[in-house]
1. Within region 193-208, identify whether any single residue is basic (K, R) and surrounded by 14 or more Cβ atoms within 10 Å (Cβ to Cβ), and answer yes or no.
2. Tally up the residues in region 110-154 that are within 23 Å of C190 (Cα to Cα) and assigned to a loop (DSSP other than H, G, I, E, B), please.
3. Have a look at V181, V206, V199 and point out the one that is β-branched (V, I, T) and in contact with a Lys or Arg (Cβ under 6 Å, 6 or more places away or on another chain).
4. Of the numbered conditions (1) at pLDDT below 95; (2) surrounded by 13 or more Cβ atoms within 10 Å (Cβ to Cβ); (3) not in a loop (DSSP other than H, G, I, E, B), P86 satisfies every one except a single condition; which is it?
5. Restricting region 154-208 to residues that are farther than 21 Å from E134 by Cβ and of a type in the set (D, E), which is modelled with the highest pLDDT?
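The values are calculated or read from the model by the stated rules, or taken from the named source; none is laboratory data. Just so it is clear, the structure is predicted and the values come from calculations on it, not from any experiment. Cβ placement follows ideal geometry from the backbone for every residue including glycine, while neighbour counts extend to all protein chains displayed.
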Amino acid sequence: MQKPFLKLGEVFGVKPSQEEYLPEKAIPFKFDNWEELRRGVKPLRDKNLLFSEPPKASKVVKELISKRREKEPSIWPPRPLEVYLPLTSEYMEGKKECVSHETLRRLRDGKFSVKATLNLRRLTAEEALLALEEFFKKAIELGYSCVLVIHGRGLSSPNGEPVLKPLFRNWLERGPYRRHVLAYASARPCDGGPGATYVLLSQRPVKK
């Protein structure tokens, strides 16, 4: 198509102009120098500009914005991520039937004062069992109500699976002092987290 605009004009019903463009009829440019052209230019006034500064907020609006910012929580600095330990797979707990859920919750939250602590880390299974029997025997004789046993998480074990932690849990439920154990729960992060356990003791043996 040599003349597409002619066809387009026919579609819209517009006839092309019959006048020919002659360069000699063009209006000559009066300014040969750019600096001379700039001298004749007048700056536009502010009211003729398409852009302008945003309107200033009033005092009432500023007070409302400041109050809203005070009420809204700050997103920076970011708050540390808090993990709820009972929802993790490493958490463990247990209790006798005579122990209420409220007592177990208080033990889980670390509300009981820890009277003694036993560290089983870097001990073999046989050494850990002997240390547990001696430690719990003294704790019961002294009337301690809550003790803390640190057994570790087993992250450095050869197979990557804990050894002392399941051994300790089995000992609590089936060992020689199982009737003196009222409840147990994984410790808070400040006391060792899943690598330690709170144990609630009774001076007298409890059947259930």
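1. Taking every residue of region 193-208 in turn, none turns out to be basic (K, R) and surrounded by 14 or more Cβ atoms within 10 Å (Cβ to Cβ).
2. Residues in region 110-154 being within 23 Å of C190 (Cα to Cα) and assigned to a loop (DSSP other than H, G, I, E, B): 16 in total.
3. V206
4. (2)
5. Restricting to residues being farther than 21 Å from E134 by Cβ and of a type in the set (D, E), the top hit is D191.
Listed here are the residues, each with its yes/no results for (1) touching a residue at least 60 places away in the same chain (Cβ under 8 Å); (2) not in a strand (DSSP E or B).
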| position | (1), (2) |
| --- | --- |
| W171 | no, yes |
| P176 | no, yes |
| Y184 | yes, no |
| Q203 | yes, yes |
